[in-house]
Every structure is written in structure tokens, then in C-alpha cells.
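What follows is a short report on a single structure.
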Amino acid sequence: MKILIIGATSAIAMEVAKLYASDGAELFLIARNDTRLDALKADLVVRGAGRVAAAVADLSDCTKHDALLAEAEHALGPIDIVLIAHGTLSDQAKCQQSFAATAVEFQTNFLSIVSLLTLLANRFEARRAGTIAVISSVAGDRGRQSNYVYGAAKGAISIFLEGLRNRLHHAGVHVVTIKPGFVDTPMTQNIKKGSTFRATNRRCSRYRGCNPLTP
Ligand SMILES: NC(=O)c1ccc[n+]([C@@H]2O[C@H](COP(=O)([O-])OP(=O)(O)OC[C@H]3O[C@@H](n4cnc5c(N)ncnc54)[C@H](OP(=O)(O)O)[C@@H]3O)[C@@H](O)[C@H]2O)c1
């Protein structure tokens, strides 16, 4: 399998990458922190990845997306699965005071993903194969006073994916919307712990063998 992971140093994405690596997959990773990216690459090789290549990028800069995808395709050849995982948990109080802060959150959590999906959809549609998966959130299912900026961006991406799934179904391309609940990762480190619904990221490994992204 040839796997592209965008936002690869996300805690959730790293657990997914480890599962693919142990199956011998070839991976291309994109993330903005080169130190953590290098550490992840080394770890995935040790775990059995067939090959690991990577690129460093701030994914909010959509002007770089086309070149990044071309680099990934050059390294891997035709990509079987893309996972888009990057995101930020918006500072709701700050966004309430500043449209500029809200726009930055929408750039990261919605528009940058739409940019990537536009490019990926046309490539996968032409090849008539592949799976595109994006981590959205249950926070996008309804607006809450505590996080409606983050939730609105996630809700928008879920709706976008729903339409894209219907479009690409005709080309045999799978579009997967992943909607986790609360997961204990760096993103949620400042949220009060103890939620009944909180999951640890390590539980990923229990699902080995029933990977929903594998066609
Ligand atoms: N944790 C939860 O409870 C939860 C629940 C539902 C959905 N999600 C979603 O799951 C996904 C992964 O989150 P996580 O929980 O694994 O948190 P995480 O470990 O904090 O991962 C978020 C990742 O996004 C990257 N990122 C943010 N902005 C970026 C940018 N402009 N360019 C490149 N990378 C950028 C961060 O990079 P740096 O490390 O360099 O900052 C980080 O690696 C996110 O889309 C999140 O919204 C999480």
C-alpha cells in the first residue's frame, strides 16, 4: 500500500502511520515540524515500513499544495490512501473577539483541506481508484457555545466531504469522513480531563486488522 499522510505528526495520525508501517506500507508524510517529522520517519522504518519519505510544510499555505502532492506522487507513484489529519482546536474566546482569529482557524480547519481535496479529488477521479480520508469531528454535528468556531469549520468540512463522496462514488473512489469524539492528544491537553467519553490514542492499536481506510 502507498499511503500519504498530511498532518503526519498529529498524535492520531502517528498511530495510524505505525499500523501501516508494521504492514510494510510505503509512506509519504507531510508536517510542519521537521524535528518531529524526522523522528517519526525513523520510527516507522524500524516498525517495518517499506519506505518513508517526507516533506515539511505549513499546510495553511494553499499555494504549496499542488507541488507537495506532485512530490508525494513522484516519491510513491500512484497513491492508494490519503489521510488528512492536521487541525487546530480554536481559541473560542479569542475568536469571539476577532474575525481575523476566526479566519485563521477556518483557513487551517476548512479552507486548507478544501484546497487539498480539490487537487486530490481530480487526481483520484482520473485514476478511478483510491481512498481519501479526512479527520473531521463530532464537534461539527451541532453548535456549542464553548467551541462553535472549531465546530463550524468541522461541520463545513463534513458537508463538503459528503458531497465529494457522492461525486467520487461514480469513479470508484472512496471518501471517508472520520468523526472522533474526545481523544487524549496534545490538541486537548488544556481541556479538563476526566470526561467519561475520553478515549486514549493508544486504543488505535486494538483495531489492527479492521482498518476502515483499507478498501
Ligand atoms: N483530539 C481530539 O479529541 C479530536 C477529536 C475530534 C477530531 N480531532 C481531529 O483530529 C485531527 C488530529 O488531531 P490530534 O488530536 O491528533 O491533535 P494533534 O496531535 O495536536 O495534531 C494536530 C496536528 O495538526 C498540525 N497542524 C496544525 N496546523 C497546521 C498547519 N498549518 N500546517 C501543518 N500542520 C498543522 C499540528 O502540527 P504541530 O504539531 O506542528 O503543531 C499537529 O501535528 C485534527 O484534525 C483534529 O481536529 C481531534
Would you be able to say whether some residue in the stretch 103-124 is of a type outside the set (Val, Ile, Thr), within 18 Å of Ile12 (Cα to Cα), in contact (Cβ under 8 Å) with a residue 40 or more places away in the chain and open to solvent by less than 30 Å² (accessible area, probe 1.4 Å)? yes
Do you know which residues across the stretch 163-183 are within 19 Å of Ile81 (Cβ to Cβ) and in a helix (DSSP H, G or I)? Leu164, Arg165, Arg167, Leu168, His169
Any chance you could count how many residues in the stretch 68-84 are in a loop (DSSP other than H, G, I, E, B), touching a helix residue (DSSP H, G or I) at 6+ places or on another chain (Cβ under 8 Å) and open to solvent by 10 Å² or more (accessible area, probe 1.4 Å)? 1
Hey, can you tell me all the residues within the stretch 125-160 that are acidic (Asp, Glu) and closer than 24 Å to Lys192 by Cβ? Asp141
If we ask which residues in the stretch 2-11 are within 15 Å of the ligand (Cβ to nearest atom) and either in contact with a Phe, Trp or Tyr (Cβ under 7 Å, 6 or more places away or on another chain) or open to solvent by 40 Å² or more (accessible area, probe 1.4 Å) (or both), their number turns out to be 1
Just name the residue that is nearest to Leu76 (Cα to Cα) out of those in the stretch 18-44 that are open to solvent by 60 Å² or more (accessible area, probe 1.4 Å) and within 14 Å of the ligand (Cβ to nearest atom). Asp38
Please specify each residue of the stretch 147-159 satisfying the condition of being over 19 Å from Val104 (Cβ atoms) and either buried (at least 18 other Cβ atoms within 10 Å of the Cβ) or among the hydroxyl-bearing types (Ser, Thr, Tyr) (or both). Ser158
Looking at Ala54, is it in contact with a Phe, Trp or Tyr (Cβ under 8 Å, 6 or more places away or on another chain), farther than 19 Å from Gly181 by Cβ and open to solvent by 20 Å² or more (accessible area, probe 1.4 Å)? yes
Close pairs (6 angstrom Cβ cut-off, 6 or more residues apart or separate chains): of a type in the set (Val, Ile, Thr) in the stretch 151-171, open to solvent by 40 Å² or more (accessible area, probe 1.4 Å) anywhere: Ile157/Phe110
When you go through (1) more than 15 Å from the ligand (Cβ to nearest atom); (2) crowded, with 16+ Cβ neighbours inside 10 Å one by one for Lys64, which number turns out not to apply? (1)
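Let's see how each residue does on (1) within 29 Å of Ala55 (Cβ to Cβ); (2) part of a loop (DSSP other than H, G, I, E, B):
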residue	(1), (2)
His86	yes, yes
Lys94	no, no
Ala101	yes, no
Phe124	yes, no
Ser158	yes, no
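The values are calculated or read from the model by the stated rules, or taken from the named source; none is laboratory data. All values reported here derive from a predicted model rather than from experimental measurement. Because the Cβ atoms are built from the backbone with ideal geometry, glycine has one as well, and the counts that use them run over all protein chains shown. Protein only, heavy atoms only, side chains kept; ligands, DNA and RNA dropped before computing areas. Shrake-Rupley method; radii C 1.70, N 1.55, O 1.52, S 1.80 Å.
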